[in-house]
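Quick notes on the structure that follows.
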Amino acid sequence: MIMKNEKRSADGRRIIVKEFNKRAGFTLFWQGIGGLLTTQMLLFATETTGQSSANNNTPNVLFISIDDWRNDLHALGVDHVQTPYIDRFAEESVLFSQHYVQVPTCGASRAALLTGMRGPQTGLGNNAIRNNHSDWGDRVLPRVFRQHGYQTLALGKITHYPGGLAGTNWANPPEELPDAWDRSWVPEDSPWESPQAMMHGYADGVPRDRGNSPAWEAHDGPDKSYPDGWVAEEAVEILNQLAESDEPWFFGVGFFKPHLPFAAPKKYFDLYDPCDIPAPIDTARQPAPSSWNRSGELMGNYGHDGKDPYSDEAYARTLRQAYAAATSYVDAQVGKVLERVRELDLMDDLIIVIWSDHGFALGERNTWAKHNLYEAAVRSPLLIRYPGMERAGSLCNATVETVDLFPTLTELAGLPAPEDIYGTSLRPLLDNPEAPSLKPAFSHWRGEEAVRDDRWRMIVQGSAKDNDVRGLELFDFKESVEGVRVDPDDHPDIVERLLNALVTQFD
């Protein structure tokens, strides 16, 4: 059963919503220029000539998002993890080792990415985009590209809701971010009955039974046993079509793993001996005041058969193995996309970003979670390449943050950026990766805020700007990648400087 609903976007484009009944009922959404598009047709309404947009020196953009990916990348010196495909891309790009997100949860982090604004301005929850987009006007990254003639496509999870719909089963209206994408969708013919089932999916279409399904799964099957295999295959097909377009394009490809459940084909589990994956240095719960939480996502949304990673070291090792397997699995899917880019000879006029919306603690500071302001939760990989870059293969250790991507992408594409965003273009660091940090990084969570510079992380319970400081945590990273908690009273000058940075972060 197919029902077609039509309306007009603010710029006059025709919006088609296709709804069809597929058991629980997928909804596929896209915005077609001038009419209804089918899945067999090209994604763009202009006739193509078989020529690349390089003819007018307008770069295309491939933006790859990976969900809940901490800084576990072999190219970053994490020796136990196997990520050969993204490691290869690191040789073609600048790899940022000190990238920090604005909010350690999916929806709010992606809101900061798409607006260049900080968490308190966009909202701190997963519905930040759905609830607040009407306040943003044209200060939205894909809208800027779209207004300048780009086709804008979002496959998989780019905003919080895969496919761009925020209603029942994430398969029905309302749109999460209207008037931003020419097409926003998830693979149509997968065995998962809805985007929500796909987001938390187990092998071959099995949905999550919240609170009962296991936190990990190793299925003896092919890559398409899990959703990211479908996303990679669809992305390759779309690239084949975009390679024939004479219109510039911004193509977002959003992968789901290593987000919970830590699930992947068994062959990726076989890469790891759980005893060879090191445990964190500091697994103790931090004394109050503390950003510690009860790890509700892992412990509440999944079943554990009476096992507890806090007290059962064997189970903790199993979960770390499963996270590593899911990381290697998504690395292989990203590799398929990048290899097709190379085969199609698209690199000459292509900006590529690989980014993750936040990290995930695997026992650090007694947390198995992302919803806190500790280092493992707010630090994630970032890789950027652009046509003609001279420092490909470089590692940049400067402190950067997600809001910096908006002005970076617009500058690299030669487009104007809104004046009232908070990011700073990373172009100077791309040209000179050894340059010093441009500014600190700021993160926010519920009732807390944090500032990170090259050496220190300070977490504030309350708000420095509102003169409401109820507690401080201070960590020194000079000698430890995980940081050492120190007494703030022993470092008054550091505390004063970091508090001032928090006060002025919105100036």
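The values are calculated or read from the model by the stated rules, or taken from the named source; none is laboratory data. Everything numeric here is computed off the predicted structure, so don't read it as measured data. Glycine also receives a Cβ, built like all others from the backbone with ideal geometry; neighbour counts cover every protein chain displayed.
A few notes on this one:
- Here E233 fulfils each of the conditions (1) farther than 17 Å from D331 by Cα; (2) among the charged types (D, E, K, R); (3) in contact with a helix residue (DSSP H, G or I) (Cβ under 8 Å, 6 or more places away or on another chain) apart from (1).
- Residues that are at positive phi and assigned to a helix (DSSP H, G or I), drawn from segment 335-385: R365, N366
- So N169, is it in contact (Cβ under 8 Å) with a residue 40 or more places away in the chain and over 20 Å from Y422 (Cβ atoms): yes
- Residue within segment 476-483 that is among the aliphatic types (A, V, I, L, M), at pLDDT 95 or above and outside the structural domain of G116 (by TED's automatic domain parsing) present: no
- Subset of segment 93-143 (residues that are basic (K, R), surrounded by 20 or more Cβ atoms within 10 Å (Cβ to Cβ) and under 27 Å from A464 (Cβ atoms)): R110, R118
- Residues that are over 17 Å from A332 (Cα atoms) and in a helix (DSSP H, G or I), drawn from segment 69-111: L76, C106, G107, A108, S109, R110, A111
- If you check L382, L350 for being assigned by TED's automatic domain parsing to the domain that holds L429, modelled with pLDDT of 95 or more and surrounded by 24 or more Cβ atoms within 10 Å (Cβ to Cβ), only one passes: L382.
- Residue in segment 35-56 that is aromatic (F, W, Y), at pLDDT below 95 and surrounded by 16 or more Cβ atoms within 10 Å (Cβ to Cβ) present: yes
- Qualifying residue in segment 387-410 (condition: of a type outside the set (S, T, Y), in contact with a Ser or Thr (Cβ under 9 Å, 6 or more places away or on another chain), assigned to a loop (DSSP other than H, G, I, E, B) and buried (at least 21 other Cβ atoms within 10 Å of the Cβ)): no
- Selection of first residues in segment 270-295 that are over 9 Å from T367 (Cβ atoms) and of second residues that are hydroxyl-bearing (S, T, Y), restricted to Cβ pairs under 6 Å at least 6 apart or on distinct chains, gives the following pairs, ordered by first then second residue: L271/S328; P274/T318.
- Note on segment 229-274: residues that are among the basic types (K, R) and either assigned to a strand (DSSP E or B) or surrounded by 21 or more Cβ atoms within 10 Å (Cβ to Cβ) (or both) total 1.
- Check on T424, β-branched (V, I, T) and surrounded by 21 or more Cβ atoms within 10 Å (Cβ to Cβ): no
- Filter result for Y202 (in contact (Cβ under 8 Å) with a residue 60 or more places away in the chain, more than 29 Å from H99 (Cα to Cα) and of a type in the set (F, W, Y)): yes
- Members of segment 302-325 found to be closer than 21 Å to L373 by Cβ and surrounded by fewer than 20 Cβ atoms within 10 Å (Cβ to Cβ), listed by number: Y310
- Hits in segment 427-444 (condition: surrounded by 18 or more Cβ atoms within 10 Å (Cβ to Cβ) and either under 20 Å from the mean Cα position of the chain (by Cα) or free of Cβ contacts under 8 Å to residues at least 12 places away in the same chain (or both)): A441, F442, S443, H444
- Some residue of segment 327-344 being over 30 Å from F63 (Cα atoms), over 25 Å from the mean Cα position of the chain (by Cα) and free of Cβ contacts under 8 Å to residues at least 40 places away in the same chain: no
Per-residue answers, yes or no, for (1) surrounded by 14 or more Cβ atoms within 10 Å (Cβ to Cβ); (2) touching a residue at least 24 places away in the same chain (Cβ under 8 Å); (3) over 29 Å from the mean Cα position of the chain (by Cα); (4) closer than 20 Å to A288 by Cα:
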residue: R446; (1), (2), (3), (4): no, yes, no, yes
residue: V460; (1), (2), (3), (4): yes, yes, no, yes
residue: N467; (1), (2), (3), (4): no, no, yes, yes
residue: R470; (1), (2), (3), (4): no, yes, yes, yes
residue: E479; (1), (2), (3), (4): no, no, no, no
residue: D489; (1), (2), (3), (4): no, no, yes, yes
residue: R497; (1), (2), (3), (4): yes, no, yes, no
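- Verdict on V330 being among the β-branched types (V, I, T), under 23 Å from I277 (Cα atoms) and buried (at least 22 other Cβ atoms within 10 Å of the Cβ): yes
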